[in-house]
Amino acid sequence: MRAGLFTAPTVSAAQRREQVTLLVFLIVVWGATAALSPRFLSVSNLRDILIQAAPLGFVALGQMLVIIARGLDLSVASMMATVAVLTLGLADNAQMIIVIGLSAGLAFGAVNGYLVAYRHVTPFLATLASMIVLQGIRFAYTKGAPSGSLPEALRHLATGSIGGVPVAIIVLLAVAAAAHYLLEHSRFGMQLKLFGDNPRAAHRCGYHNRRLLLAVYCLSGLLAALGGLTLVGYVGIVDNWTGRGYELDSIAAAVIGGAALSGGKGTVVGVLLATLLLISLFNMVVIIGLAIEFQLVIKGLLIVLAAAVYRRHLR
């Protein structure tokens with residue numbers, strides 16, 4: 001049966017309802033937090049929320065593609081830190097840092113994709129092993145003390161503005177638009193969703209499933225590297241633990257945003273809304289004066305929420 005007989009799936013009515021629900025929940029969170037602290041809706045705080053959402057947004061979009069393909073990428077946080085310390089140690093020019101960093105992320109993702117697609121290692125074990133190996137490489141390279149200067153152009157990528165709009169958000173929206181087109185209007189997206197929904201059917205249609213898996217892990221690595229460089233530019237320093245916790249945060253954002261862990265489903269808009277919701281909740285903890293440990297409580301509750309959303313997908 002020819003692949004041309006199929007048309008790319010569109011966003012379903014159920015997925016649109018999920019997106020509306022997320023938007024309503026986000027508005028409720030913003031309203032409640034603003035009632036507790038008017039400073040929450042200040043221009044500077046809202047700008048900080050948007051800038052902080054960009055690194056997680058990049059990583060969550062890559063994670064969504066992997067989840068649609070019935071996988072997980074536990075190595076994204078380790079990739080973020082490794083790309084940051086390696087590139088800032090090797091180059092002091094922003095353009096070179098970005099080129100080297102994105103190339104490294106692509107290479108790390110390709111290793112994950114090769115292990116999953118061609119060596120048949122389960123995604124959990126393959127990316128867990130990569131996470132540990134990258135951590136070892138990072139600490140061996142830095143000897144526990146990362147070094148390297150942070151170019152002003154890289155800082156501008158994370159904290160600068162164009163016409164009052166943060167550069168990081170402009171880049172995120174551009175990446176999101178490309179991801180939306182890829183997922184909803186391209187042959188690749190059609191094949192990815194069919195593979196996630198039914199790998200055997202995708203194989204019988206003549207799709208190259210192994211190449212597809214390799215591609216999504218490469219994209220996940222590329223976006224993790226972009227997220228790592230953006231996060232470093234925002235924080236202003238490079239650290240061995242840059243992006244710590246993003247592996248779970250990105251999975252939570254993808255699943256709450258509509259990606260099904262069973263594969264085959266996911267939307268870019270849902271992931272962006274879930275990412276903004278996560279960052280808003282973390283900001284709420286700080287803005288109303290709660291102990292920072294409450295962020296961990298919120299993360300735990302959101303993982304439970306993600307599990308509940310997943311069960312609803314199964315039903």
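Side notes on the structure shown:
- Conditions (1) modelled with pLDDT of 95 or more; (2) surrounded by fewer than 20 Cβ atoms within 10 Å (Cβ to Cβ); (3) under 13 Å from the mean Cα position of the chain (by Cα); (4) among the aliphatic types (A, V, I, L, M); number of the one not met by L248: (1)
- Pairs where the first residue, in the range 249-268, is within 14 Å of G196 (Cα to Cα) and the second is of a type in the set (F, W, Y) and at pLDDT 90 or above, C-beta under 9 Å, 6+ apart: G263/F195; G264/F195
- Test result for D197, farther than 18 Å from V66 by Cβ and of a type in the set (D, E): no
- Entry remark, the range 1-21: residues being loosely packed, with under 12 Cβ neighbours inside 10 Å and modelled with pLDDT under 50 number 5 in total.
- A count restricted to the range 138-171 and to residues that are exposed (fewer than 14 other Cβ atoms within 10 Å of the Cβ) and either closer than 26 Å to D239 by Cβ or in contact with a helix residue (DSSP H, G or I) (Cβ under 7 Å, 6 or more places away or on another chain) (or both) stands at 8.
- For the condition touching a strand residue (DSSP E or B) at 6+ places or on another chain (Cβ under 6 Å), part of a helix (DSSP H, G or I), of a type outside the set (G, A, S) and surrounded by fewer than 24 Cβ atoms within 10 Å (Cβ to Cβ), L50 qualifies.
- Just so you know, in the range 298-315 the residues that are of a type in the set (G, A, S) and at pLDDT below 70 include one that is farthest from the chain's Cα centre (by Cα), and it is A307.
- Condition met for L61 (part of a helix (DSSP H, G or I) and among the hydrophobic types (A, V, I, L, M, F, W, C)): yes
- Residues satisfying the stated conditions in the range 261-277, i.e. outside any helix (DSSP H, G or I) and either surrounded by 15 or more Cβ atoms within 10 Å (Cβ to Cβ) or modelled with pLDDT of 90 or more (or both): L261, G263, G264, K265, G266, T267
- Which numbered condition A178 fails, given (1) among the small types (G, A, S); (2) more than 21 Å from A107 (Cβ to Cβ); (3) without any contact (Cβ under 8 Å) to a residue 60 or more places away in the chain: (2)
- Members of the range 110-125 that are without any contact (Cβ under 8 Å) to a residue 12 or more places away in the chain and surrounded by fewer than 13 Cβ atoms within 10 Å (Cβ to Cβ): R119, H120, T122, L125
- Any chance L277 is under 17 Å from the mean Cα position of the chain (by Cα) and within 19 Å of L50 (Cβ to Cβ): yes
- Any hit, the range 189-196, residues being among the charged types (D, E, K, R) and surrounded by 19 or more Cβ atoms within 10 Å (Cβ to Cβ): yes
- Number of the condition not met by A202 [criteria: (1) farther than 30 Å from D92 by Cα; (2) free of Cβ contacts under 8 Å to residues at least 60 places away in the same chain; (3) part of a loop (DSSP other than H, G, I, E, B); (4) not aromatic (F, W, Y)]: (3)
- Boolean, S78 is under 26 Å from I256 (Cβ atoms), surrounded by fewer than 18 Cβ atoms within 10 Å (Cβ to Cβ) and hydroxyl-bearing (S, T, Y): no
- Residue list for the range 24-40, restricted to those being under 21 Å from I169 (Cβ atoms), surrounded by 13 or more Cβ atoms within 10 Å (Cβ to Cβ) and of a type outside the set (F, W, Y): L26, V29, T33, A34
- Exactly one residue among A35, A117, A77 is over 17 Å from E247 (Cβ atoms) and modelled with pLDDT of 95 or more, and that residue is A117.
- Scanning the range 89-100 finds no residues that are within 24 Å of L302 (Cβ to Cβ) and surrounded by fewer than 24 Cβ atoms within 10 Å (Cβ to Cβ).
- The residues listed here are S250, S280; of these, the one that is more than 16 Å from V29 (Cα to Cα) and part of a helix (DSSP H, G or I) is S250.
The values are calculated or read from the model by the stated rules, or taken from the named source; none is laboratory data. The structure presented is a predicted model; accordingly, all values stated were derived computationally and were not measured. Glycine gets a Cβ as well: all are built from the backbone with ideal geometry, and neighbour counts include every protein chain shown.
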